[in-house]
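The values are calculated or read from the model by the stated rules, or taken from the named source; none is laboratory data. None of the values given here were measured: they were computed from a predicted structure. In this analysis, Cβ positions are derived from the backbone assuming ideal geometry, glycine residues included, and neighbour counts consider all displayed protein chains. SASA here: full protein model, heavy atoms, side chains in, ligands and nucleic acids out. Shrake-Rupley method; radii C 1.70, N 1.55, O 1.52, S 1.80 Å.
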Amino acid sequence: MSLATATFYPPHLLVYPFSSSGHLIPLLDLTEGLISRGLSVTVLVTPPNLHLLQPLLSRHPTTTMDALVVPAPEPVSSPKHRLIHRLRAMREHHSPAILRWFASRRNPPVAIISDFFLGWTLHLARQLGIPRIVFSPSAAFALSVDFSLWRDLPKNEHPQQDDEYAVTLSDLPNSPSYPWWQLWYFYRLFVGGDPVLEFHREGVLANLDSWGVVFNSFAEIERPYMDYMEKRVFGKGRVWAVGPLLPAPADGGSTTAVAERGGSSSIPAEDVVSWLDARGDHSVVYVCFGSRMVLSRKETAALAEALETSGVHFIWCVREDGGNSGRAVAEEDSGAAVPEWFEDRTAGRGLVIKGWAPQVLVLQHRAVGSFVTHCGWNSVLEGLAAGVVMLTWPMGADQYSDAKLLVDQLGVAIRAHEREDRVPNPTELAQILVRSVDGSIPERARARELREAAVTAFSRGGSSDKDLDALVEALTNLKS
Ligand SMILES: O=c1ccn([C@@H]2O[C@H](COP(=O)(O)OP(=O)(O)O[C@H]3O[C@H](CO)[C@@H](O)[C@H](O)[C@H]3O)[C@@H](O)[C@H]2O)c(=O)[nH]1
């Protein structure tokens, strides 16, 4: 081919998110960052999530940003291990579609970046002769714990005494220790030979064998675990911490982009902002448990009582669509509505959002002082970047690790509640709510410092900005 007719293709990537909000939102933010640094990206998406890609698709030409739309697998009917069944169905349906699409491309991807739930994509990538990079929407600390457990399989020696039995992971920095009940649900249930749980374990082990890992995190809050990942798992130059991933500066951080991140607000975002505008600095407690966690009836009642008796100003984002959170709470007891009396008795100082809240917009408002959170990692990063004090109420998955990091290692949070089999005491919870908006607590000073650290990390020349440059360079080198 003559030089005159040669076409230049930028390095092309296939990005494959897991389809729930906590996983999809940050990977789309990463996609924007990769495109802005000159890569071309195809995002695999199912029709129900295509609308979440529209802002990206409308901002970039198809030569740099495209969607590979594949059918969503049938909903899984078995309530047991629903998540793992879904992952297996994704492998079954999406692998052939990816293979066909790859063969038809003039400029096929140089690598796949896929969510850590999609460990099986390592084998697909090997079939295609390209590297697979893990995307972790969870912290390096939490992922180190997960890797260590599934690799070494420590057993519960005293299954009758879950309360007392603790697992210490002495190969990890600071040798963290966890009561058995705090470990990931699937891990606690694991028995060798169970094909469903073995599939999950194989996925985790495939992550360990992948070419590299990208964390939505930043070095300043968990450097020992990034170092661990580099030294003990992926090797030098194969660990990139590029967070906190937030709505892209490409939008000028516009209010619309922030307000509509991950979904449309159930209440017009401008109404939420005017409500906040009328409140004093750091006086409002924001309560939200992410995109999937739902409270039981008793937990909802206790929280309602605490919010009422505390007298604090608050925004409470309530999920009433129970039954899909993977919590140990019985399905018939989950997804409770707020008590009937609640909104009347708290009128004038509380706003209840039933459904989807414009979370990042709320957190970044000067009136918000603290955040009652289940410690989903995106919420944690959004809280850190906004400089709010966090009140931790972990409910499963990686959330106990995140709470440990926030309270014990970073000193930016206060424990609000912790046990799934116990209901918080409303009086104690009310006291914690009141304390959290006190301007003089040490956690508020820490929140300010960590906000600075987060902003510096993703600003030009900060640690996350440099890691994103390094990731792009590594991907570009794959092409040449
Ligand atoms: O009303 C809402 C609810 C959520 N969000 C956003 O949705 C995301 C929720 O993510 P996260 O806080 O991490 O919670 P989950 O949805 O519970 O996320 C799952 O995925 C995370 C990343 O792996 C894990 O850390 C969690 O434990 C797991 O439950 C965040 O960006 C929120 O800003 C909104 O904007 N409005």
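Checked against the criterion of being among the small types (G, A, S), open to solvent by less than 50 Å² (accessible area, probe 1.4 Å), assigned to a helix (DSSP H, G or I) and closer than 19 Å to W393 by Cα, the candidates A454, A445, A430 yield just one match: A430.
Among the residues of region 339-385, those identified as assigned to a helix (DSSP H, G or I) and away from the ligand (no atom under 13 Å from the Cβ) are F342, E343, D344, R345. Among the residues of region 186-196, is any at negative phi, within 16 Å of the ligand (Cβ to nearest atom) and of a type in the set (A, V, I, L, M)? Scanning region 186-196 turns up no residue that is at negative phi, within 16 Å of the ligand (Cβ to nearest atom) and of a type in the set (A, V, I, L, M). The set of residues from region 337-372 being among the small types (G, A, S) and surrounded by fewer than 16 Cβ atoms within 10 Å (Cβ to Cβ) comprises A337, A347, G348, G355.
Candidates in region 197-221 are the residues that are more than 20 Å from P131 (Cβ to Cβ) and surrounded by 21 or more Cβ atoms within 10 Å (Cβ to Cβ); of these, the one that is farthest from the ligand (Cβ to nearest atom) is A219. Looking only at region 150-175, how many residues end up being assigned to a loop (DSSP other than H, G, I, E, B) and over 26 Å from L118 (Cα atoms)? Total satisfying the criteria: 14. Looking across region 405-416 at every residue that is open to solvent by less than 40 Å² (accessible area, probe 1.4 Å) and within 20 Å of S177 (Cβ to Cβ), the one that is farthest from the ligand (Cβ to nearest atom) is identified as G411.
One residue alone among S379, S334, S291, S296 is among the hydroxyl-bearing types (S, T, Y) and modelled with pLDDT of 95 or more, and that residue is S379.
Here D398 meets each of (1) in contact with a Gly (Cβ under 7 Å, 6 or more places away or on another chain); (2) within 11 Å of the ligand (Cβ to nearest atom); (3) modelled with pLDDT of 95 or more with one exception, condition (1).
Cβ separations smaller than 6 Å between residues 6+ apart or across chains give the following pairs from region 5-24 residues that are outside any strand (DSSP E or B) to residues that are modelled with pLDDT under 90 and open to solvent by 10 Å² or more (accessible area, probe 1.4 Å): P11/K479; S21/G262.
Can you confirm whether region 178-188 contains a residue that is exposed (fewer than 15 other Cβ atoms within 10 Å of the Cβ) and polar (S, T, N, Q)? No, region 178-188 contains no residue that is exposed (fewer than 15 other Cβ atoms within 10 Å of the Cβ) and polar (S, T, N, Q).
Of all the numbered requirements in (1) assigned to a loop (DSSP other than H, G, I, E, B); (2) within 19 Å of the chain's Cα centre (by Cα), Y400 misses one, and that requirement is (1).
Looking only at region 140-149, decide whether some residue is in a loop (DSSP other than H, G, I, E, B) and either within 16 Å of the ligand (Cβ to nearest atom) or open to solvent by 20 Å² or more (accessible area, probe 1.4 Å) (or both). Looking through region 140-149, none of the residues is in a loop (DSSP other than H, G, I, E, B) and either within 16 Å of the ligand (Cβ to nearest atom) or open to solvent by 20 Å² or more (accessible area, probe 1.4 Å) (or both).
Of the residues making up region 280-321, just one is part of a loop (DSSP other than H, G, I, E, B), closer than 15 Å to F342 by Cβ, more than 16 Å from the ligand (Cβ to nearest atom) and touching a strand residue (DSSP E or B) at 6+ places or on another chain (Cβ under 8 Å), namely V312.
Return the pairs, sorted by first residue and then second, in which the second residue is within 16 Å of the ligand (Cβ to nearest atom), the first residue lies in region 122-145 and is farther than 23 Å from Y225 by Cα, the beta carbons are less than 6 Å apart, and the residues are 6+ apart or on different chains. Qualifying pairs under 6 Å: none. The strands (runs of 3 or more DSSP E) found wholly in region 27-139 and carrying at least 2 residues that are open to solvent by 40 Å² or more (accessible area, probe 1.4 Å) occupy 65-69.
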